[in-house]
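Trainee: The structure is given below, and queries will be raised subsequently.
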Amino acid sequence: MELLNNAGHTDFRDARGPMGFTQRQAGGKFTQSEAEAFIQQLEQEEEAASESNAPPPMPAARLTKAEQALRKMPSEQLAAELQRRGWIVAEP
């Protein structure tokens, strides 16, 4: 788990996509050979990152449904709604 956290993941479910875990593995269930392979992969990635002095990867932000909807909304529509609510809006 420490290697997984060092790679920027909070848990097995969070690492499912990036690490290629199956649903069973995302639940924390691995065969011994699977666990050894993933540990070796994480150790190699950690070693490569320490050699390159690169900062550790940041975990992907989990957006709420409201945040996802806002990101899809056109800027003009967002600005109009903020102005309707009394905010002052300026273009960057």
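Trainee: Within segment 62-71, is there a residue that is loosely packed, with under 10 Cβ neighbours inside 10 Å, at pLDDT below 85 and more than 16 Å from A7 (Cβ to Cβ)?
Mentor: yes
Trainee: Select from segment 9-31 the residues that are buried (at least 16 other Cβ atoms within 10 Å of the Cβ) and under 23 Å from A49 (Cα atoms) and list them in ascending order.
Mentor: Correct list: H9, F12, D14, A15, R16, M19, F21.
Trainee: State which residue is modelled with the lowest pLDDT when the search covers only segment 32-48 and only residues that are surrounded by fewer than 12 Cβ atoms within 10 Å (Cβ to Cβ) and of a type in the set (S, T, N, Q).
Mentor: This residue is Q44.
The values are calculated or read from the model by the stated rules, or taken from the named source; none is laboratory data. Predicted model only: the values in this text are computed from it and were never measured. All Cβ positions, glycine included, derive from the backbone under ideal geometry; neighbour counts span all protein chains shown.
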